[in-house]
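This report concerns only the one structure given below.
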Amino acid sequence: MKIATWNVNSLSVRLPQVVAWLQTQPVDVLALQELKLTDDKFPHEAFAALGYQSECFGQKTYNGVALLSRYPLHDTVRNIPGLADEQARVIAATAQTPEGPVRVVNGYFVNGQAPGTDKFAYKMRWLEALHAWLRSELAQHPALALVGDFNVAPEDRDSFDPEGLRETIHHTTEERQHFQALLALGLTDAFRCFEQPDKSFSWWDYRMLGFQKNRGLRIDHILVSPPLRGRLAGCSVDRAPRKNPQPSDHAPVVAQFD
DNA sequence: ATGCCGATTGTAAATCGA
């Protein structure tokens, strides 16, 4: 079984690339972020033609998340229960796999702009609410994957310039503590369970030849609970779609389970 | 440095992302 996450930066623009990618990488579950479209424009049929059921939570212009699955999805939740949030950032559902139910929580975490701003304060509130909600999700769903665009580079090795960017957005101690708090719930960073190339990233700035110079960040993650950790067989970034014409600025991250 | 990219809105130039 494979679970993947991909911030597509506009599904309207990227749909042909997502379809092409699924044809070469037929993952079982794909979590999408930054759809930038409303639910009425979500291309359920295009994914159904590839064998995927889809659940979406869209929004005009910004944000928007979706789950695609080859297995039936049920108990879908949109956004963090109890958190008043006008932005569509979370969709969670249970995939009924042959090995049993797997809860997939897909998040487009708040960017946060810069420490000290209102947006950063929103990011901290949002992370706090996510943490509290995940504790109860984990209690109800032993096999759980928290995936998405976390907008946090958890460690120095997850940044192309950890010294120059120290305590800037994605790199602050506060953001990293929130990431550690998620791990403290019993989750494991699937990517770090395996040997990886140095300077492995999942996002590169469109500007200044960021991808060509590999000036990137690892901010897209797959965190797994113990039952999934025990079955984890690999995790990697697929850089190939970043080389497409008109790419998303993010590349997909894929985790494989026995 | 806060940006030369890219998407969106809306039809020019501003906003946002990360």
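Tally up the residues in region A:169-218 that are in a loop (DSSP other than H, G, I, E, B) and among the hydroxyl-bearing types (Ser, Thr, Tyr), please.
The qualifying residues number 4.
Are there any pairs with C-beta distances below 6 angstrom linking a residue in region A:232-246 that is without any contact (Cβ under 8 Å) to a residue 40 or more places away in the chain to a residue that is surrounded by fewer than 13 Cβ atoms within 10 Å (Cβ to Cβ), with the two at least 6 apart or on different chains, and if so which?
As it stands, the answer is A:Ala233/A:Asp258, since those pairs meet every condition given.
What residue, of A:Ala66, A:Ala84, is of a type outside the set (Asp, Glu) and buried (at least 19 other Cβ atoms within 10 Å of the Cβ)? Spell out how you get there, then give the answer.
On the way: A:Ala84 fails: buried (at least 19 other Cβ atoms within 10 Å of the Cβ).
Testing whether each residue is of a type outside the set (Asp, Glu) and buried (at least 19 other Cβ atoms within 10 Å of the Cβ) leaves just A:Ala66.
In this structure, is A:Ala153 of a type in the set (A, V, I, L, M), at pLDDT 95 or above and part of a strand (DSSP E or B)? Steps first, answer last, please.
Values: of a type in the set (A, V, I, L, M): yes; at pLDDT 95 or above: yes; part of a strand (DSSP E or B): no.
So A:Ala153 fails the test.
Taking A:Leu15 as the residue in question, decide whether it is crowded, with 18+ Cβ neighbours inside 10 Å and among the aliphatic types (A, V, I, L, M). Explain how you work it out, then say what you get.
On the way: crowded, with 18+ Cβ neighbours inside 10 Å: no; among the aliphatic types (A, V, I, L, M): yes.
It is false that A:Leu15 is crowded, with 18+ Cβ neighbours inside 10 Å and among the aliphatic types (A, V, I, L, M).
If the requirement is being assigned to a helix (DSSP H, G or I), farther than 24 Å from A:Arg231 by Cβ and not aliphatic (A, V, I, L, M), which of these qualifies: A:Glu163, A:Glu137, A:Glu128?
On the way: A:Glu163 fails: assigned to a helix (DSSP H, G or I); A:Glu137 fails: farther than 24 Å from A:Arg231 by Cβ.
Within the list A:Glu163, A:Glu137, A:Glu128, the selection yields A:Glu128.
I'd like the full set of residues that are touching a Phe, Trp or Tyr at 6+ places or on another chain (Cβ under 7 Å) and under 25 Å from A:Pro98 (Cβ atoms), limited to region A:1-45.
Answer for region A:1-45, where residues must be touching a Phe, Trp or Tyr at 6+ places or on another chain (Cβ under 7 Å) and under 25 Å from A:Pro98 (Cβ atoms): A:Met1, A:Asp28, A:Leu30, A:Leu32.
Within region A:99-106, is there a residue that is within 16 Å of DNA strand B (Cβ to nearest atom), assigned to a loop (DSSP other than H, G, I, E, B) and of a type in the set (Asp, Glu)? Before the answer, list the steps.
Looking only at region A:99-106, we keep the residues that are within 16 Å of DNA strand B (Cβ to nearest atom), and these are A:106.
Narrowing further to those that are assigned to a loop (DSSP other than H, G, I, E, B): none.
Within region A:99-106 (the criterion being within 16 Å of DNA strand B (Cβ to nearest atom), assigned to a loop (DSSP other than H, G, I, E, B) and of a type in the set (Asp, Glu)), the answer is no, since none of the residues qualifies.
Is it the case that region A:224-246 has a residue that's away from DNA strand B (no atom under 16 Å from the Cβ), charged (D, E, K, R) and closer than 21 Å to A:Ile169 by Cα? Reasoning before the result, please.
The first filter runs over region A:224-246 and keeps only residues away from DNA strand B (no atom under 16 Å from the Cβ), leaving A:224-236, A:238, A:240.
Next, only the ones that are charged (D, E, K, R) stay: A:229, A:231, A:238.
Applying the additional criterion that residues be closer than 21 Å to A:Ile169 by Cα yields none.
Among the residues of region A:224-246, not one is away from DNA strand B (no atom under 16 Å from the Cβ), charged (D, E, K, R) and closer than 21 Å to A:Ile169 by Cα, which makes the answer no.
Scan region A:87-123 for residues that are surrounded by 13 or more Cβ atoms within 10 Å (Cβ to Cβ), of a type in the set (D, E, K, R) and either over 22 Å from A:Gln140 (Cα atoms) or in contact with a Lys or Arg (Cβ under 6 Å, 6 or more places away or on another chain) (or both) and jot them down.
If the condition is that a residue be surrounded by 13 or more Cβ atoms within 10 Å (Cβ to Cβ), of a type in the set (D, E, K, R) and either over 22 Å from A:Gln140 (Cα atoms) or in contact with a Lys or Arg (Cβ under 6 Å, 6 or more places away or on another chain) (or both), then A:Lys119, A:Lys123 are the ones that fit.
Residues checked against (1) touching an Asp or Glu at 6+ places or on another chain (Cβ under 8 Å); (2) within 16 Å of DNA strand B (Cβ to nearest atom):
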| residue | (1), (2) |
| --- | --- |
| A:Ala49 | no, no |
| A:Gln59 | no, yes |
| A:Asp75 | no, no |
| A:Gln87 | no, yes |
| A:Thr94 | yes, no |
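Quick check on region A:193-217: of everything there that is more than 10 Å from DNA strand B (Cβ to nearest atom) and more than 20 Å from A:His171 (Cβ to Cβ), which residue is surrounded by the fewest Cβ atoms within 10 Å (Cβ to Cβ)? Can you show your working first?
As a first pass, look at region A:193-217 and keep what is more than 10 Å from DNA strand B (Cβ to nearest atom): A:193-200, A:212-214.
Checking the rest, the ones that are also more than 20 Å from A:His171 (Cβ to Cβ) come to A:193-195, A:197, A:212.
Values: A:Cys193: 16, A:Phe194: 13, A:Glu195: 5, A:Pro197: 7, A:Gln212: 9.
So the residue we want is A:Glu195.
Which one is farthest from A:Trp6 (Cα to Cα) among residues in region A:48-82 that are without any contact (Cβ under 8 Å) to a residue 24 or more places away in the chain and touching a Leu at 6+ places or on another chain (Cβ under 7 Å)?
Checking each candidate, the answer is A:Leu73.
When you go through (1) small (Gly, Ala, Ser); (2) within 13 Å of DNA strand B (Cβ to nearest atom); (3) over 23 Å from A:Leu68 (Cβ atoms) one by one for A:Gly148, which number turns out not to apply?
(3)
The values are calculated or read from the model by the stated rules, or taken from the named source; none is laboratory data. Just so you know, these numbers come straight off a predicted model, no measurement behind them. Ideal geometry is used to build each Cβ from the backbone, glycine not excepted, and the neighbour counts take in all protein chains shown.
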